[in-house]
Amino acid sequence: LGDLVHGQADDLLFAARPWTGPERVRPDEYRAMAEGKTGALLGCAVAVGAVLGGAPPTTVAALDRAGRHLGIAFQLVDDILGIWGDPAVTGKPVHGDLRERKKTFPVLAALSAPGAQRLAALLESGTEPAVAAALIEEAGGRAAALAEARRHIGAVETALAGVPLAAGPADDLRSLLEFLVRRDL
């Protein structure tokens, strides 16, 4: 629970930090936030059944690790949908995360690319979110977030490969993985 609260607090506090400069949010801080905010929740959800079923600690730890990586992947996909998602599907306004000044992974990755000064100025002004979204994509922010999500999906699959699960639960976990991280991309 502590990890989840800390991750959520970090996510909220990131909004007050600048887009650039020494106080900017760095990708490693984002990963820690996502692991706490979403990873801790999904790690617990995936591992609790094993704990209640009396599974060995190594199995519980592997499931927790898989859930934490799943949470990070989920958060990355959520960030993509928060900028480019269809409001009819997501229930969120298009470019909503940009309007809310959320320091999401696609934005952080794009700000790390060469020539990000125009993007930083747009983000600072809070104007023209559609132009900012296009610049984020052009700078590789969307592609970087997808690549990072795929890396965490691979880590989930690696963690699950080492867990002695019956076919039914293993298939259920893989279906959940498909659903959570491949939502309308």
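The values are calculated or read from the model by the stated rules, or taken from the named source; none is laboratory data. Computed from a prediction, not measured in an experiment: that's the story for all the values here. All Cβ positions, even for glycine, are placed from backbone atoms using ideal geometry, and neighbour counts span all protein chains on display. SASA here: full protein model, heavy atoms, side chains in, ligands and nucleic acids out. Shrake-Rupley method; radii C 1.70, N 1.55, O 1.52, S 1.80 Å.
Only a single criterion out of (1) assigned to a helix (DSSP H, G or I); (2) open to solvent by 60 Å² or more (accessible area, probe 1.4 Å) is not satisfied by Lys92, namely (1).
On the basis of being modelled with pLDDT of 95 or more, among the β-branched types (Val, Ile, Thr) and either open to solvent by 30 Å² or more (accessible area, probe 1.4 Å) or within 26 Å of Ala139 (Cβ to Cβ) (or both), does Val77 make the cut?
Working: modelled with pLDDT of 95 or more: no; among the β-branched types (Val, Ile, Thr): yes; either open to solvent by 30 Å² or more (accessible area, probe 1.4 Å) or within 26 Å of Ala139 (Cβ to Cβ) (or both): yes.
Criteria not met by Val77.
Among the residues of region 45-67, those that are open to solvent by 50 Å² or more (accessible area, probe 1.4 Å) and either of a type in the set (D, E, K, R) or in a loop (DSSP other than H, G, I, E, B) (or both) comprise Gly53, Gly54, Pro56, Arg65. Of all positions in region 115-134, none carries a residue that is surrounded by 14 or more Cβ atoms within 10 Å (Cβ to Cβ), in contact (Cβ under 8 Å) with a residue 60 or more places away in the chain and in contact with a Pro (Cβ under 7 Å, 6 or more places away or on another chain).
The set of residues in region 1-26 being open to solvent by 40 Å² or more (accessible area, probe 1.4 Å), part of a helix (DSSP H, G or I) and closer than 22 Å to Ala132 by Cα consists of Leu12, Leu13.
A search for C-beta distances below 6 Å between a residue of region 25-39 that is in contact (Cβ under 8 Å) with a residue 12 or more places away in the chain and any residue that is of a type in the set (Phe, Trp, Tyr), counting only pairs 6+ apart in sequence or on different chains, returns Val25/Phe14; Tyr30/Phe105; Thr38/Phe74. Determine whether Ala155 is more than 17 Å from the chain's Cα centre (by Cα), farther than 22 Å from Ala15 by Cα and not charged (D, E, K, R). Considered against the rule, which asks whether it is more than 17 Å from the chain's Cα centre (by Cα), farther than 22 Å from Ala15 by Cα and not charged (D, E, K, R), Ala155 comes out as no.
If I filter region 76-90 for residues that are of a type in the set (A, V, I, L, M, F, W, C) and free of Cβ contacts under 8 Å to residues at least 40 places away in the same chain, do I get at least one hit? Checked region 76-90: at least one residue is of a type in the set (A, V, I, L, M, F, W, C) and free of Cβ contacts under 8 Å to residues at least 40 places away in the same chain.
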